[in-house]
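Step one of this worksheet: look at the structure below.
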Amino acid sequence: MSAPTNGTPPLRIAIPNKGSLSQSATEMLREAGYRQRSDTKQLTVLDAENNVEFFYLRPRDIALYVGEGTLDVGITGRDLLLDSGADADEVRELGFGRSRFRFAARPGTLTSVQDLGGKRIATSYVGVVRRHLEAHGLEAEVIRLDGAVETSIQLGVADVIADVVETGSTLRAAGLEVFGEVILESEAVMITQAGKPSLPAGFEVFTRRLDGVLVARGYVMMDYDIDREHLQDAVALTPGLEGPTISPLHREDWVAVRAMVPRDGAQLLMDELWAIGARAILLTDIHACRL
Ligand SMILES: Nc1ncnc2c1ncn2[C@@H]1O[C@H](COP(=O)(O)OP(=O)(O)OP(=O)(O)O)[C@@H](O)[C@H]1O
Ligand SMILES: O=P(O)(O)OC[C@H]1O[C@H](OP(=O)(O)OP(=O)(O)O)[C@H](O)[C@@H]1O
Ligand SMILES: [Mg+2]
């Protein structure tokens, strides 16, 4: 198909090329109807039909490109955005790549953030750690490592680590335990340059499409039949986004109700609807939507 660009330059979007966020970001963009690379060696993809160009970059570098305005939009981790100190703002949470950033040490050696004073802390997120120490008025040596941070304690390079924790299995395998408060909760986010007065054409469509994917993932469509006497109770359970659709049924005093409901808890909701008299309760996936 030819490109409906009218000579407008494409929206330039940075996407993680490797690591934990890469596959999920690509999947989300495919679901939103964008062309993605077919070979992981490809560095850029021009989706001419949608007038969008994708740049596959290291997730750690994405906030820098967006912060200085070289690229219009980026997908990266909140922890990487904060660590970079780049002049970019988070505009959407994308619901994948969720993790916590935590301190960890050998069991019994350190128990609170206050114990960090004067210690050697290994991390790949020097910016986040330094800011956290400053906020607590603590001084410690921060050692920058690229990865496999958990091993640094065993090797005698550090007393403490600060790293990404998801399931905790890497920490357990290294014989380490988290301590102190959670430093930050991270997930994949959409970012744009801070304080940019206006974004290029195509940005609004891009965000609306991603919002559509988020809603399609987070909601399901619920249909059921109920007698008018219990309709108000049923509608209170399924208010929908802008009010449910109510259609008359051939059976007198009965109506059909259709409403979007959150995917989490949908089964419980079906039980509750059944209990107040709803019947023929159906749950269907939403493949795509624009709200
Ligand atoms: N196990 C994990 N679970 C969820 N998110 C993670 C995990 N490991 C890293 N992340 C997130 O991925 C982003 C870091 O991506 P990056 O590609 O730099 O590291 P990575 O995923 O650890 O890849 P690699 O170490 O193989 O290069 C951060 O936002 C981080 O929070
Ligand atoms: O809590 P878990 O589920 O075990 O996940 C957390 C681990 O995943 C990431 O490591 P990665 O595999 O990216 O290796 P790296 O340390 O070389 O970055 C992160 O740095 C932690 O080590
Ligand atoms: Mg890693």
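The values are calculated or read from the model by the stated rules, or taken from the named source; none is laboratory data. The shown structure was predicted, so the numbers you read here are calculated from the model rather than taken from an experiment. No Cβ is skipped: glycine too gets one built from the backbone with ideal geometry, and neighbour counts run over all protein chains shown.
Listing for the model above:
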| quantity | calculated |
| --- | --- |
| Test: residue in segment 173-190 that is out of contact with any helix residue (DSSP H, G or I) (no Cβ under 9 Å at 6 or more places or on another chain), over 30 Å from Asp264 (Cα atoms) and within 15 Å of ligand 2 (Cβ to nearest atom) | yes |
| Flag if Leu94 is crowded, with 17+ Cβ neighbours inside 10 Å, more than 16 Å from ligand 2 (Cβ to nearest atom) and within 30 Å of Ile15 (Cβ to Cβ) | yes |
| Filter result for Leu64 (under 23 Å from Gln193 (Cα atoms), within 16 Å of ligand 1 (Cβ to nearest atom) and in contact (Cβ under 8 Å) with a residue 40 or more places away in the chain) | no |
| Residue satisfying all of: in segment 19-33; touching a residue at least 24 places away in the same chain (Cβ under 8 Å) and not small (Gly, Ala, Ser); farthest from Pro9 (Cα to Cα) among these | Leu21 |
| Given (1) without any contact (Cβ under 8 Å) to a residue 40 or more places away in the chain; (2) closer than 13 Å to Ala188 by Cα, number of the condition Asp79 does not satisfy | (1) |
| All positions within segment 110-129 that are without any contact (Cβ under 8 Å) to a residue 60 or more places away in the chain and within 22 Å of Glu166 (Cα to Cα) | Ile121, Ala122, Thr123, Ser124, Tyr125, Val126, Gly127, Val128, Val129 |
| Strands (runs of 3 or more DSSP E) (entirely within segment 102-171) containing at least 2 residues that are away from ligand 1 (no atom under 16 Å from the Cβ) | 120-123, 141-144 |
| Criterion: small (Gly, Ala, Ser), under 19 Å from Glu90 (Cα atoms), in contact with a strand residue (DSSP E or B) (Cβ under 8 Å, 6 or more places away or on another chain) and in contact (Cβ under 8 Å) with a residue 24 or more places away in the chain - qualifying residue of Ala162, Ala194, Ala158 | Ala194 |
| Lone unmet requirement of (1) at positive phi; (2) outside the structural domain of Ala88 (by TED's automatic domain parsing); (3) more than 16 Å from ligand 2 (Cβ to nearest atom) for Ala148 | (3) |
| Some residue of segment 166-182 being in contact with an Asp or Glu (Cβ under 7 Å, 6 or more places away or on another chain), in the same structural domain as Trp274 (by TED's automatic domain parsing) and farther than 16 Å from Cys289 by Cα | no |
| Enumeration of residues in segment 159-171 that are closer than 23 Å to Arg60 by Cα and more than 13 Å from ligand 3 (Cβ to nearest atom) | Val160, Ala162, Thr167, Gly168, Leu171 |
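Conditions (1) surrounded by 17 or more Cβ atoms within 10 Å (Cβ to Cβ); (2) farther than 25 Å from Val215 by Cβ, marked per residue:
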| site | (1), (2) |
| --- | --- |
| Lys18 | no, yes |
| Gln23 | no, no |
| Thr26 | yes, no |
| Arg37 | no, yes |
| Glu49 | no, no |
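Here's the yes/no breakdown for (1) surrounded by fewer than 18 Cβ atoms within 10 Å (Cβ to Cβ); (2) among the hydroxyl-bearing types (Ser, Thr, Tyr):
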{"position": "Thr111", "(1), (2)": "yes, yes"}
{"position": "Ile121", "(1), (2)": "no, no"}
{"position": "Val149", "(1), (2)": "no, no"}
{"position": "Glu166", "(1), (2)": "yes, no"}
{"position": "Arg172", "(1), (2)": "yes, no"}
{"position": "Leu176", "(1), (2)": "no, no"}
{"position": "Phe179", "(1), (2)": "no, no"}
{"position": "Glu187", "(1), (2)": "yes, no"}
{"position": "Thr192", "(1), (2)": "no, yes"}
